[in-house]
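Take a look at the structure set out below.
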Amino acid sequence: MNEQVPPDATTPSPPLLDFANITVMRGDKKVLDSLSLTVGAGEHLALLGPNGAGKSSLIKTITREHYPLAHADRRFLIMGKEVWEVGALRSMLGIVSNELQFTFTREITGREAVLSGFFSSVGLFRHEVTATMEEKTDEILRFLEIEHLADRSMREMSSGEGRRFLIGRALVHDPAALILDEPTNSMDLHALHHFRSTLQKIARSGTGVIMVTHNLHDIIPEISRVVLVKEGRICADGPKEEILTDTIIGGLFDVPVHIREEGGWYYASGY
Ligand SMILES: Nc1ncnc2c1ncn2[C@@H]1O[C@H](COP(=O)(O)OP(=O)(O)OP(=O)(O)O)[C@@H](O)[C@H]1O
């Protein structure tokens with residue numbers, strides 16, 4: 001009798017990230033300094049740290065805009081692989097950043113912004129959009145509750161509205177994780193409210209969420225792990241109840257701060 005078990009029943013997914021001793025230089029500055037970080041598939045985490053700590057450099061290392069120094073005791077695996085075709089890697093990681101939003105300078109509708117995610121382009125040119133792509137786009141617009149804005153130009157949208165379309169664009173390939181670099185910059189209270197509930201919906205759907213933020217209130221209840229970065233290194237990593245304390249966060253930013261938790265949300269005051 002063949003007693004073999006199908007491989008997918010026994011083989012766990014490799015971690016999304018498995019980094020050890022990662023050092024990245026920019027000019028003569030070490031922006032990441034022997035950094036080690038493992039993130040499981042589907043795990044949600046927030047990266048916090050002062051200005052210049054290396055958070056964006058870490059994100060750019062994940063997306064291969066930056067490359068770490070090669071040395072024998074380095075581990076640089078993404079979804080179990082070290083060697084990636086950059087386009088394939090970036091479509092498996094849904095990347096949303098302020099820099100990306102600034103590239104939408106032409107007249108591009110929200111719908112086109114999402115559709116162009118299939119081609120990794122900024123808007124559509126002579127791309128062949130298939131019926132399947134249109135259907136997937138409709139599904140994403142419904143999921144993100146932004147159908148009513150789909151025909152509006154990206155340039156005419158508020159930053160919060162535009163950010164939700166960029167998330168839609170990042171979701172077209174069903175990414176393993178959504179990577180957000182300071183996603184709530186310049187959002188008003190209304191936009192923040194919608195953005196956070198969108199993010200909760202995505203996190204609950206099983207897509208991993210990795211978010212760089214300065215704002216504790218961005219850490220949605222679904223994110224249970226917080227990683228602190230300072231001077232290119234990880235200085236604390238653990239459950240948010242243990243990391244988001246007056247002493248640890250005050251020490252990270254070098255200011256007195258009072259942290260309060262309410263219904264799974266965190267707030268900082270007194271700084
Ligand atoms: N091309 C470069 N040459 C030299 N230093 C650089 C270069 N790019 C970035 N840096 C430096 O690397 C450090 C890390 O920058 P990074 O943008 O990763 O920080 P960050 O934590 O994302 O900061 P912020 O919260 O301000 O966005 C900073 O000190 C920055 O000045």
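The values are calculated or read from the model by the stated rules, or taken from the named source; none is laboratory data. All figures in this text were calculated on a predicted structure; none of them were measured in a lab. So basically every Cβ, Gly included, is an ideal-geometry build from the backbone, and we count neighbours across all protein chains shown. These accessible areas exclude ligands, DNA and RNA; they are computed on the full protein's heavy atoms, side chains included. Shrake-Rupley method; radii C 1.70, N 1.55, O 1.52, S 1.80 Å.
Quick rundown of the values:
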item	result
The chain: most fluctuating residue of P239, P12, P183 per GNM, C-alpha cutoff 10 Å	P12
Cα-based shape type of segment 1-120, given that a ≥ b ≥ c are square roots of the gyration tensor eigenvalues and the cut on a/c is 1.5	oblate
Too-long pairs where the Cα-Cα distance tops 18 Å, listed order kept, from K29/K81; K60/K201; K81/K201; K60/K240; K81/K230; K60/K230	K29/K81; K60/K201; K81/K201; K60/K240; K81/K230
Accessible surface of the chain, 1.4 Å probe, proportion on carbon and sulfur as whole %	51 percent
Most fluctuating residue given options I223, I248, I22, as computed from a GNM of the chain linking Cα atoms under 10 Å	I248
For the chain: accessible area per residue (Å², 1.4 Å)	50 Å²
Whole-Hz couplings from phi, Karplus 6.51/-1.76/1.60, listed for segment 66-78; x for Gly and Pro	10, 10, x, 4, 8, 7, 4, 9, 8, 10, 9, 9, 10
Only Lys, Arg (+1) and Asp, Glu (-1) charged, at Cβ; segment 10-93 dipole about Cα centre in debye	200 debye
Antiparallel content of DSSP bridges confined to the chain, in %, to 5	60 percent
For the chain, calculated [θ]222 nm from helices alone, where every DSSP H run of n ≥ 4 adds -39500 (n - 2.57)	-8500 deg cm²/dmol
Estimated distance in nm for a label pair at R142 and E85, the labels positioned 7 Å out from Cα along Cα-to-Cβ	3.2 nm
D_trans [Stokes-Einstein, Kirkwood Rh over alpha-carbon pairs] for segment 90-182, 4 °C, 1.567 mPa s, µm² s⁻¹	101 µm²/s
Inter-label distance for N185 and T132, nm, one decimal - labels placed 7 Å from Cα along Cα-to-Cβ	3.6 nm
The chain, relative contact order [Cα under 8 Å, separation at least 6], %	23 percent
Pairwise FRET efficiency - T247 versus E156, Cβ, R0 = 45 Å, nearest 0.05	0.50
Residues D254 and D174, FRET efficiency given R0 of 51 Å [Cβ-Cβ distance, rounded to 0.05]	0.80
Translational D in µm²/s for segment 179-271 (Stokes-Einstein at 25 °C, 0.890 mPa s, Kirkwood Rh from C-alpha pairs)	175 µm²/s
At q = 0.10, 0.13 Å⁻¹, base-10 log of I(q)/I(0) for segment 93-246 (Debye sum, equal scatterers on each alpha carbon)	-0.37, -0.60
Where N is the number of residues in the chain, Cα Rg divided by 2.2 N^0.38 Å	1.05
